[in-house]
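**Student:** The structure's right below; bear with me while I get my questions together.
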Amino acid sequence: MSRFPLIIILSLLLSACFQTTSKKSQAQKPSRDLYPAELKSIQKDPNAVLDNLLSKGLDDIRFNYSPLPSSLPKVSDVWERIPKGFSLLNGIEQKHFARSLNRFNKAQRYFNYIGKRAKPYLHHIVEEVAKRGMPMELALLPAIESSYMPHAVSPYRAVGMWQIIPSTGRSFGLKQNAWYDGRRDIVASTDAALDFLETLYKNLDNNWLHAIAAYNCGEGCVRRAIAKNRAKGLPTDYWSLPLPKETKKYIPKLMALSTVVQDPEAYGVDLPKIDNKPYLISVPTEGQVDLRKAAKAAGLGQKELKKLNPGFKHWVTDPKGPHNLLLPLENANLFYQRKNEKGIYVSVSKPPYQAKSKTKRKGKKKKKYQGKKRHHYISQGDTLYKLAKRYGVNVRSLARANGISSKATLALGKRLIIPAKSKKKSKDKKKKPQVTKRNKKHKIRKGDTLAALAKRYSTSINAICRLNRIGKKTILNIGQVLKIPYM
């Protein structure tokens, strides 16, 4: 009975310690290991937090670097915790998302995939949503947006787990440069996305469904739809608004996914277990580091470290920050002890490599029309053939100059560019294919084909046809002599 008041008192003391020590930590380095050994026991048994604090003393743990969860978890699996915070699903009739729900029914393969992707990040997202008192359905929004993939990129230049476009990212303080993209950073992007959702919620009269719809199609889009319905005297709830097709499916998908998470057994799904305890922690690096050496110092594989820190675009962090790495709790103390031994610090002023520039393709260059170009406005009866004959150019040149097909239908009044007249080649300059000493002759025998001859003489069918002025489907007669080009 006496533990609850004690917990409240300790939480107040911890918050005070956090505020007073955070300023000091910037000026002086910690005098001992950043993550105490007691942290492991806390991870295994969250209720042991109280006993540890009482036995070791409040000053023994540096809360400014390893803050405790926002609330002591009451369940062992994050998937079990999420439905306890649902506040939108119960107020929506299932008929609105029945079609989406059918797609998730018995979709075990999909939930295995989602669970694998979400495992390192989901507890952090749930904690942040819980701290803000937001509907817990929002913790499942990255599943709809990107399947919890930090490297996901949409055709609209939206990037990251929360699919944030560049302008929105900048508006909410996400750094984007050649070194680092905050839209891919797990912690930074989650903070920005939740800030964005809170802003939309306030701007749209505290309506979460409108806010979620605006997250997909934009605040202006939702406002116009509301204004349109009001002008017609129609309801302005989300389900009645004339929204884009994708946005109309957006919330039904989220509600259907929430329904399955709330009762997975009813829909033939077994959600992969994700422990309801902190998995990641942000560790200060105090400078630019080589991620490959940092991975060794933390006892992690390079791919695993990049997976947890997808915001960095190269194997070297941004020289101007952020100077921190996201690491598993069990590796954080090891990293702090070994970071100086492994020589992780570097000083690189330019990114290790730049994005590949679009190189010009080698080969035939497009002919550029020289001389004065004329123009012709299409009138009734005009065709490319007639115009080419009239202006002394060929149809292909005329079509290419205007970027159209040689068989295109011309629209009345359209302006066509007439290229300069091509110089006519004199008949004397036309050279016939000559049989050089290197060319061979072959007398056709029974069973000979162009393909067989090309293979035999290490040449191509086109080369044989061109030299002999025949088509690919020409029938070869026994006794006929063909010229074989030398290759």
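**Student:** If you go through segment 238-272 one residue at a time, how many are among the small types (Gly, Ala, Ser), surrounded by fewer than 21 Cβ atoms within 10 Å (Cβ to Cβ) and touching a residue at least 12 places away in the same chain (Cβ under 8 Å)?
**Tutor:** First, the residues of segment 238-272 that are among the small types (Gly, Ala, Ser): 240, 256, 258, 266, 268.
From what's left, surrounded by fewer than 21 Cβ atoms within 10 Å (Cβ to Cβ): 240, 266, 268.
Imposing the further condition that a residue be touching a residue at least 12 places away in the same chain (Cβ under 8 Å) reduces the set to 268.
Of the residues in that region, 1 qualify.
**Student:** From the list Ser406, Ser422, which residue is under 57 Å from the mean Cα position of the chain (by Cα), modelled with pLDDT of 75 or more and either closer than 30 Å to Lys389 by Cα or not assigned by TED's automatic domain parsing to the domain that holds Asp382 (or both)?
**Tutor:** On the way: Ser422 fails: modelled with pLDDT of 75 or more.
When all the criteria are applied, what remains is Ser406.
**Student:** Hey, does segment 198-216 have a residue that's farther than 23 Å from Met136 by Cβ, part of a helix (DSSP H, G or I), without any contact (Cβ under 8 Å) to a residue 12 or more places away in the chain and not hydroxyl-bearing (Ser, Thr, Tyr)?
**Tutor:** Taking every residue of segment 198-216 in turn, none turns out to be farther than 23 Å from Met136 by Cβ, part of a helix (DSSP H, G or I), without any contact (Cβ under 8 Å) to a residue 12 or more places away in the chain and not hydroxyl-bearing (Ser, Thr, Tyr).
**Student:** In segment 451-480, which residues are out of contact with any His (no Cβ under 7 Å at 6 or more places or on another chain), hydrophobic (A, V, I, L, M, F, W, C) and at pLDDT 85 or above?
**Tutor:** Listed by number, the residues that qualify are Ala451, Ala452, Ala454, Ile461, Ala463, Ile464, Cys465, Leu467, Ile470, Leu476, Ile478.
**Student:** So Pro278 ticks every box in (1) outside any loop (DSSP other than H, G, I, E, B); (2) of a type outside the set (Phe, Trp, Tyr); (3) modelled with pLDDT under 95 but one. Which box is left unticked?
**Tutor:** (1)
**Student:** Restricting to segment 455-486, and then to whatever is in contact with a helix residue (DSSP H, G or I) (Cβ under 7 Å, 6 or more places away or on another chain) and farther than 16 Å from Ile444 by Cβ, can you tell me which residue is surrounded by the fewest Cβ atoms within 10 Å (Cβ to Cβ)?
**Tutor:** Across segment 455-486, the extreme among qualifying residues is Ser460.
**Student:** Let me confirm something: among Arg184, Arg117, which residue is under 25 Å from Trp315 (Cβ atoms), in contact with a strand residue (DSSP E or B) (Cβ under 8 Å, 6 or more places away or on another chain) and of a type in the set (Lys, Arg)?
**Tutor:** Numbers: Arg117 fails: in contact with a strand residue (DSSP E or B) (Cβ under 8 Å, 6 or more places away or on another chain).
Just a single option satisfies the conditions, and that option is Arg184.
**Student:** Still on this structure, please answer the following. How many residues are basic (Lys, Arg) and not in a helix (DSSP H, G or I) when one looks only at segment 71-106?
**Tutor:** Number of matching residues: 2.
**Student:** Among the numbered criteria (1) under 55 Å from the mean Cα position of the chain (by Cα); (2) part of a loop (DSSP other than H, G, I, E, B); (3) modelled with pLDDT of 85 or more; (4) among the charged types (D, E, K, R), which single criterion is violated by Asp448?
**Tutor:** Result: Asp448 passes all but (1).
**Student:** Which condition breaks for Ala139 when tested against (1) farther than 17 Å from Leu89 by Cβ; (2) buried (at least 24 other Cβ atoms within 10 Å of the Cβ); (3) of a type in the set (A, V, I, L, M)?
**Tutor:** Ala139 satisfies every listed condition except (1).
**Student:** Could you check Pro166 against (1) over 21 Å from Ile281 (Cβ atoms); (2) crowded, with 23+ Cβ neighbours inside 10 Å and say which number it fails?
**Tutor:** Looking at each condition in turn, Pro166 falls short on (2).
The values are calculated or read from the model by the stated rules, or taken from the named source; none is laboratory data. From a predicted model like this one, the values you see are computed outputs, not experimental measurements. Here the Cβ is made from the backbone with ideal geometry for all residues, glycine too, and neighbour counts use every protein chain on show.
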